[in-house]
Amino acid sequence: MQPDRWRLLLCIAISLLAGLIVGAPFLGLSIGLLVFILWHYRALAGFLNYARHGAEDNLPDVPGIINDLVREFHELQSVNRQRDEMMTGVLERFQEAAAALPDAIVVTSGDGGIEWANSRAGQYLGIRWPEDSGRRLSNLIRHPDLADFLKRSQPGNTTDVLELPSPEDENRQLELRVSIYGHAYMLLVARDITELHRLARMRRDFIANASHELRTPLTVIAGYLESFNEDHEHCPPEWMGKIAQMRMQATRMQRLIEDLLRLSSLETAPEQDLKEEVPVRDLLSSIHREAVTLDGDGGHEFELEADESLWLKGSQRDLYSAFSNVIFNAVQHTPGGGRIRISWRRDGDGAVLDVRDTGEGIAAEHIPRLTERFYRVDKSRSRSKGGTGLGLAIVKHALARHDAELDISSELGVGSTFKCRFPAERVLTRGRLRASVFA
């Protein structure tokens with residue numbers, strides 16, 4: 001800064017002196033300042049050329065502030081170059097790590113254009129990088145479920161998954177997850193779950209086949225035990241207690257096999273079965289009569305209230321399995337004289353089946369696991385009542401096939417509430433009547 005001031009003062013002094021000598025001090029001063037400005041302009045032009053091209057051989061060497069500016073710029077440029085090299089190395093290592101993952105990784109921009117993909121994306125999704133750079137993901141993978149899945153994706157939500165066959169190999173099953181980050185950037189991860197599907201199918205087939213194979217011998221055993229019971233005059237008295245226990249266990253095994261077969265059929269049944277128009281009020285009336293029969297001398301107080309105009313689109317057999325298991329479960333776990341209220345009503349745009357009881361209730365830590373297979377809150381008590389531990393698992397699968405959800409709330413010593421919530425697309429309106437039944 002100081003050399004520039006002295007240089008300006010010297011230019012003014014020389015120009016003014018020269019102007020006084022020729023008798024035109026103002027003209028001399030103007031010419032001197034113009035020369036000074038042109039000299040600085042030339043220095044700035046050199047700096048601009050260096051800023052644009054950045055070559056060491058064209059680095060301007062002018063004393064003063066312009067030279068200091070050039071040096072500072074050169075230092076910043078060197079720092080940025082080192083930073084760029086470091087970031088490039090980090091990016092290359094990230095891409096190498098992502099390429100080594102067993103999952104397909106695709107990164108898209110806010111407008112859906114592909115910004116990067118690893119090699120697995122080509123094997124699983126048919127997306128090649130960099131050939132497909134900038135192309136929209138929805139144009140490369142034309143699947144209606146994927147389009148809806150991407151529209152539903154929200155920032156911070158990584159729990160939603162979508163399963164669909166690979167566009168490159170229909171025998172390969174994929175599980176897709178989406179994460180939204182930054183300015184609407186999207187990270188799509190596709191995992192190969194073909195082996196998991198194969199193992200699940202083997203498990204279902206094994207359960208179904210084993211249950212079918214066990215059904216016949218159990219039927220024979222139960223038949224002979226029944227005949228022993230009817231012909232008890234010819235049996236030693238000490239056998240009768242043992243025969244009664246065998247009959248009870250055979251019946252329990254038959255019930256378990258029936259539930260296993262029902263659960264297996266729910267898992268493998270085609271979607272075409274979900275086209276029936278089901279009169280829910282009539283279905284609940286039938287289940288209500290069966291529940292009264294199941295209660296026997298229990299003295300339960302039943303209340304059924306159903307909107308006759310609300311029907312469902314789905315499978316009547318599956319809905320019967322779901323509703324009967326929920327209602328019979330309430331009967332089994334409500335002490336004699338308790339109250340069971342069944343309500344079928346509209347819930348916003350959808351509909352809900354509400355089953356409330358005044359039973360013993362369920363502790364909060366058990367509620368998340370109630371729909372697991374063979375999970376029991378009290379194993380000995382459940383077995384003594386003939387429970388198989390599969391009832392609520394059947395409810396969960398039957399409702400899932402109808403895009404419905406099961407909500408469970410309970411309080412120890414007060415009772416429990418089971419709600420089956422159905423979306424609007426499953427609800428049909430038939431007539432305008434309402435009906436209530438009390439028993």
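Among the residues of the range 348-379, those that are within 25 Å of the chain's Cα centre (by Cα) and of a type in the set (Lys, Arg) comprise Arg369, Arg373.
Does Ile342 fit the bill of being assigned to a helix (DSSP H, G or I), buried (at least 18 other Cβ atoms within 10 Å of the Cβ) and touching a His at 6+ places or on another chain (Cβ under 8 Å)? Spelling it out, it is not the case that Ile342 is assigned to a helix (DSSP H, G or I), buried (at least 18 other Cβ atoms within 10 Å of the Cβ) and touching a His at 6+ places or on another chain (Cβ under 8 Å).
Just one of (1) modelled with pLDDT of 85 or more; (2) surrounded by fewer than 21 Cβ atoms within 10 Å (Cβ to Cβ); (3) not small (Gly, Ala, Ser) fails for Tyr375. It is (1).
For a quick check of your reading of the model, give me the residue pairs whose first member lies in the range 74-90 and is within 18 Å of Arg52 (Cβ to Cβ), whose second is part of a helix (DSSP H, G or I) and modelled with pLDDT under 80, with beta-carbon atoms closer than 9 Å and at least 6 apart or on different chains. Matching pairs, first to second residue: His74/Tyr50; His74/Glu56; Gln77/Ala51. Candidates are the residues of the range 254-280 that are among the polar types (S, T, N, Q) and in contact with a Lys or Arg (Cβ under 7 Å, 6 or more places away or on another chain); the one that is modelled with the highest pLDDT is Ser264. Residues of the range 98-123 that are part of a helix (DSSP H, G or I) and under 24 Å from His183 (Cβ atoms): Ala98, Ala121.
Please verify whether the range 348-355 includes one or more residues that are out of contact with any strand residue (DSSP E or B) (no Cβ under 8 Å at 6 or more places or on another chain) and more than 30 Å from Leu428 (Cβ to Cβ). No, the conditions are met nowhere in the range 348-355. The residue of the range 116-152 that is surrounded by the fewest Cβ atoms within 10 Å (Cβ to Cβ), among those that are under 19 Å from Ala98 (Cβ atoms) and polar (S, T, N, Q), is Ser133. Scanning the range 323-367 for residues that are of a type in the set (S, T, N, Q), in contact with an Asp or Glu (Cβ under 8 Å, 6 or more places away or on another chain) and more than 19 Å from Arg421 (Cβ to Cβ) turns up just one, Thr334. Residue count for the range 233-255, restricted to those that are basic (Lys, Arg) and within 41 Å of the chain's Cα centre (by Cα): 2. Of all positions in the range 310-317, at least one carries a residue that is under 18 Å from Pro423 (Cα atoms), buried (at least 20 other Cβ atoms within 10 Å of the Cβ) and among the polar types (S, T, N, Q).
Just one of the listed residues (Asp307, Asp259, Asp295) is touching a residue at least 60 places away in the same chain (Cβ under 8 Å) and in the same structural domain as Thr358 (by TED's automatic domain parsing), and it is Asp307. Residues that are free of Cβ contacts under 8 Å to residues at least 60 places away in the same chain, of a type in the set (Ser, Thr, Tyr) and under 17 Å from Thr388 (Cβ atoms) within the range 209-254 comprise just one, Ser211.
The values are calculated or read from the model by the stated rules, or taken from the named source; none is laboratory data. Please read these numbers as outputs of a predicted model, since none were measured by experiment. So basically every Cβ, Gly included, is an ideal-geometry build from the backbone, and we count neighbours across all protein chains shown.
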